[in-house]
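*Asks:* Input: one structure, supplied below.
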Amino acid sequence: MYPRILGWLSEKKDDFERVPNADEAEEFLADEERASQHSQSSRPTSHGPSWLVTVVITIATAVLSASFGAWAGRTWILNPNDFSIRHTSQYSPIIKDVGVEYHTVRFNGSLLKSNVFRQDAGPEVDAAWKSLGADYHAARIPFDQAAQSNIAPDQVKIKEKYGGGYPAHVEGLHHLHCLNLLRKSLAWNFNYYSKQGLGPFSNPPDIAKYHITHCLDILRQQLTCTIDVGMLGQVWYQPPDKPPQAFVDFNTEHKCRNFEDIREWARAHQLPDKEHMPEDFLEQPKEGDRVWKEVP
């Protein structure tokens with residue numbers, strides 16, 4: 001039986017695959033790796049949708065960057081005045097209607113050389129301060145610019161039949177009104193204006209005092225809010241028969257807004273004074289509107 005089996009195996013030995021030894025296995029793996037690399041290198045490179053998307057994204061990025069740069073240039077570089085005022089001030093129709101510009105101005109800071117604004121009480125100095133717009137009436141703020149101008153919906157309104165909107169004063173001109181009141185209240189001016197009995201001086205002394213100190217504190221807050229960071233250098237002053245002395249130079253340069261354009265806007269937009277204002281000019285408060293029980 002066994003010889004018959006051995007004979008059958010001998011006949012079938014070529015039908016079985018011989019297991020390679022270690023050296024032959026390494027050669028086999030090397031041949032397989034070279035064949036794989038050859039197959040990959042001979043396969044054509046794909047230039048499909050991924051390549052097209054990259055090109056489109058690159059072009060879109062370039063276009064958006066150029067558009068943003070042009071917009072930024074117009075807004076911040078070519079028009080720095082517009083950027084500056086919107087960054088440093090509350091909005092008002094003046095920004096839209098007039099536009100705020102900046103100019104370099106050298107202050108007259110002389111200590112001993114007076115000017116018309118520093119004169120003692122009288123008609124000439126009063127006219128000079130009046131020319132600054134310190135006594136202008138309120139202007140009209142349109143309804144569509146009220147919220148931007150920090151005016152609440154329930155604040156005093158003008159009736160629609162008289163044009164609508166909100167009455168409001170230009171704050172900078174109120175500051176000048178306050179400074180003018182402090183000028184009138186100086187010790188050497190006070191009696192002159194008290195005898196006239198006009199404006200704040202028509203009130204009892206205690207009310208006039210509140211008005212004056214209100215103005216004093218408004219100016220304090222304004223000056224600390226917009227603190228000037230410029231520097232006052234010193235110059236040499238030669239007094240008669242004395243050695244030179246250091247003295248502060250108050251005649252410094254400043255970046256100033258276009259005051260005259262702003263004052264002219266306020267003048268042109270003044271509402272009638274109380275004597276010429278219809279009795280029903282203002283809209284009465286509605287239910288839900290705030291009505292203060294004491295002077296705010």
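*Asks:* Among the residues of the stretch 222-238, what is the count of those that are in a helix (DSSP H, G or I) and surrounded by 10 or more Cβ atoms within 10 Å (Cβ to Cβ)?
*Replies:* Selection size over the stretch 222-238: 2.
*Asks:* Within the stretch 123-144, identify whether any single residue is closer than 30 Å to Asp289 by Cβ and part of a helix (DSSP H, G or I), and answer yes or no.
*Replies:* Scanning the stretch 123-144 turns up at least one residue that is closer than 30 Å to Asp289 by Cβ and part of a helix (DSSP H, G or I).
*Asks:* Would you check which residues across the stretch 239-258 are surrounded by 10 or more Cβ atoms within 10 Å (Cβ to Cβ) and either free of Cβ contacts under 8 Å to residues at least 12 places away in the same chain or in a loop (DSSP other than H, G, I, E, B) (or both) and list them?
*Replies:* Pro244, Gln245, Asp249, Phe250, Asn251, Thr252, Asn258
*Asks:* Mind checking whether some residue in the stretch 267-275 is over 21 Å from Leu132 (Cβ atoms) and modelled with pLDDT of 95 or more?
*Replies:* no
*Asks:* Here is a further query. Do we find that Lys113 is in a loop (DSSP other than H, G, I, E, B) and among the basic types (Lys, Arg) in this structure?
*Replies:* Taking the combined requirement at face value, the residue satisfies it.
*Asks:* Oh, and also: Could you tell me which numbered condition Gly163 fails, if it satisfies all but one of (1) under 22 Å from Ala268 (Cβ atoms); (2) in contact with a strand residue (DSSP E or B) (Cβ under 7 Å, 6 or more places away or on another chain); (3) surrounded by 12 or more Cβ atoms within 10 Å (Cβ to Cβ)?
*Replies:* (3)
*Asks:* Taking Ala208 as meeting all but one of (1) at pLDDT below 95; (2) touching a helix residue (DSSP H, G or I) at 6+ places or on another chain (Cβ under 7 Å); (3) hydrophobic (A, V, I, L, M, F, W, C), write down the number of the exception.
*Replies:* (1)
*Asks:* Restricting the search to the stretch 192-215, which residues are part of a helix (DSSP H, G or I), within 16 Å of Pro123 (Cβ to Cβ) and open to solvent by 70 Å² or more (accessible area, probe 1.4 Å)?
*Replies:* Once the filter is applied, which keeps residues that are part of a helix (DSSP H, G or I), within 16 Å of Pro123 (Cβ to Cβ) and open to solvent by 70 Å² or more (accessible area, probe 1.4 Å), the stretch 192-215 yields Tyr192, Lys195, Gln196.
For (1) surrounded by 11 or more Cβ atoms within 10 Å (Cβ to Cβ); (2) at pLDDT below 75, each residue gets a yes or a no:
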| site | (1), (2) |
| --- | --- |
| Ser41 | no, yes |
| Leu52 | no, no |
| Ile59 | no, no |
| Ala62 | no, no |
| Tyr91 | yes, no |
| Gly99 | yes, no |
| Arg106 | no, no |
| Lys113 | no, no |
| Val116 | yes, no |
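*Asks:* If I go through the stretch 259-296 residue by residue, how many of them are open to solvent by 50 Å² or more (accessible area, probe 1.4 Å) and either at positive phi or among the hydrophobic types (A, V, I, L, M, F, W, C) (or both)?
*Replies:* 8
The values are calculated or read from the model by the stated rules, or taken from the named source; none is laboratory data. These numbers were taken from a predicted model, which means no experiment stands behind them. Glycine gets a Cβ as well: all are built from the backbone with ideal geometry, and neighbour counts include every protein chain shown. Heads up: the accessible areas ignore ligands, DNA and RNA and are worked out on the full protein's heavy atoms, side chains in. Shrake-Rupley method; radii C 1.70, N 1.55, O 1.52, S 1.80 Å.
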